[in-house]
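Visitor: My questions all concern the structure below.
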Amino acid sequence: MDTTAWQTTAELAVFLDRATAHVPATERRLLQVLKIGEEFGEAAQAVIGATGTNPRKGASHSWDDVTAEVCDVIITSMVTLHRLGVPDPEAVFTEHLKQAAARTVAVREA
């Protein structure tokens, strides 16, 4: 992953920590994890809108909207790793990705 993305999300995390300094640190971490769920909900809503499966709203979104919402989930997740106090979020994520990919390949080859 592009290191610039990790630098940018680190800056976002610092901004959010400063903006919510009045909230206890433990609560900020919990709320940040919940933010991932909120963003996922928006991605799900966009899928429903792109497929036109809500009879009240019809085709209310495009697949470009879905793409944007999925990007928001990824950004929020990256910011969360920073805000959880992970010492090197990029390294932790990269290692986790390698392990997850290895498990997937192992299942495929079994």
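Every number here is computed from the coordinates shown, using simple stated rules; none is lab data. Bear in mind that the values here come from a model prediction, so they are computed numbers and not experimental data. Glycine gets a Cβ as well: all are built from the backbone with ideal geometry, and neighbour counts include every protein chain shown.
Visitor: Of all the stretches in the chain, which is the longest one without any exposed loop site, taking trypsin sites (Lys or Arg not before Pro) in a DSSP loop (any state but H, G, I, E, B) with at most 12 other Cβ atoms within 10 Å?
Guide: Longest run free of exposed loop sites: 1-55.
Visitor: Also, quick follow-up: In percent, how large is the relative contact order of the chain, given Cα pairs closer than 8 Å and 6 or more residues apart? Don't skip to the answer; put the middle values down first.
Guide: Numbers: 77 pairs, mean separation 32.8, N = 110.
Once normalised by length, the contact order is 30 percent.
Visitor: For the chain, set up a GNM with springs between Cα atoms under 10 Å and report which of 45, 32, 99 has the largest fluctuation.
Guide: Answer for the Gaussian network model of the chain: 99.
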